[in-house]
Amino acid sequence: MGQIITQVDAFTDKPFAGNPAAVCVLSSPQDDAWLQNIAQEMNLSETAFLIKQEDGFNLRWFTPTVEVPLCGHATLASAHVLWSQGHLLTNEIARFYTKSGLLIAKLQGDWIELNFPVNQSHEAIAPPTLAEALGVAYKSLYQNTLGYLVELDSEDLVRQLQPNFQLLKTLPVPDVIVTSKTHRNSQYDFVSRFFAPSLGINEDPVTGAAHCCLAAYWRDRLHKDEFLAYQASSRGGVVKVRYQGGDRVFLAGQAVTVMRGELF
């Protein structure tokens, strides 16, 4: 019997929105070349591979081109698969052993809450072509281990942005989070988009790892600990963010299974 692989849309409660991820709960270990080939074949922003351990699951994430150290939406999708397919009872905590340490997921009603490491940002020196690559002037520029974090003057600018991806690739740091506060009457606290050409993803639909950066950034500016955030890609997705300081941030989202099949 082949391995079962499931496609899940994460950070959404309806199919064909949010961020799609493939999830494969392995029955036996596979070599890295096989994992990368499957991720390339799935051709989604991330494919997650899990294998059972004594008190949890080893979890790795692959884009179509590289392995990445952290992925929020594919972790959310993985937790959804574990509960929905009976690998865990719904009252059990999902423990993931990863290259970013131990990650915890809990099912809370229709939402899955992830316990992730926070990613602090620091002021950065602007490369000369950043504004040209983004196609817009920006308000402030910071940097973290994920890439640049750029604040724009308005939600409309974030939503309308059309970067030059070839020029982005030439920057010292080619991956960029753009963000802004929302309109005054919005249900959301801030919006964002994430461009990651160095990972083979021009734009990621909804990015948990980006919200590990945005949590601390907006806490300092909005002076609150809990946010409802919207990632304004063409698919769009909603992330609940809770950050009270320290080195951990809590991200919550919903997920829905789209398809399930068997690998060779």
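The values are calculated or read from the model by the stated rules, or taken from the named source; none is laboratory data. Since the model is a prediction, treat every value here as computed from it, not as a measurement. All Cβ positions, glycine included, derive from the backbone under ideal geometry; neighbour counts span all protein chains shown. To get the accessible areas, we keep the full protein, side chains included, count just its heavy atoms, and leave off ligands, DNA and RNA. Shrake-Rupley method; radii C 1.70, N 1.55, O 1.52, S 1.80 Å.
Which one is nearest to L251 (Cα to Cα), of the residues in segment 218-240 that are touching a Gly at 6+ places or on another chain (Cβ under 9 Å) and open to solvent by 20 Å² or more (accessible area, probe 1.4 Å)? Among them, the one singled out is K240.
Look at (1) free of Cβ contacts under 8 Å to residues at least 60 places away in the same chain; (2) buried (at least 20 other Cβ atoms within 10 Å of the Cβ); (3) touching a Gly at 6+ places or on another chain (Cβ under 9 Å) and you find that R95 fails only one, number (2).
Within segment 191-217, residues that are within 16 Å of L161 (Cα to Cα) and polar (S, T, N, Q) have Cβ atoms under 7 Å from residues that are assigned to a helix (DSSP H, G or I) and open to solvent by 10 Å² or more (accessible area, probe 1.4 Å) in these pairs: N202/F165, counting only partners at least 6 apart in sequence or on another chain. Residues of segment 241-260 that are closer than 17 Å to L103 by Cα, in a strand (DSSP E or B) and of a type outside the set (V, I, T): R242, R248, F250, L251, A252, G253. The residue of segment 186-209 that is surrounded by the most Cβ atoms within 10 Å (Cβ to Cβ), among those that are small (G, A, S) and within 13 Å of the chain's Cα centre (by Cα), is A209.
Among residues of segment 136-147 that are open to solvent by 30 Å² or more (accessible area, probe 1.4 Å), those with a Cβ under 6 angstrom from a residue that is small (G, A, S), sequence gap 6+ or separate chain, pair up as A137/A131; Y142/S121; Y142/A124; Q143/A124; L146/A209. Residues in segment 26-56 that are open to solvent by 40 Å² or more (accessible area, probe 1.4 Å), charged (D, E, K, R) and assigned to a strand (DSSP E or B): K52 alone.
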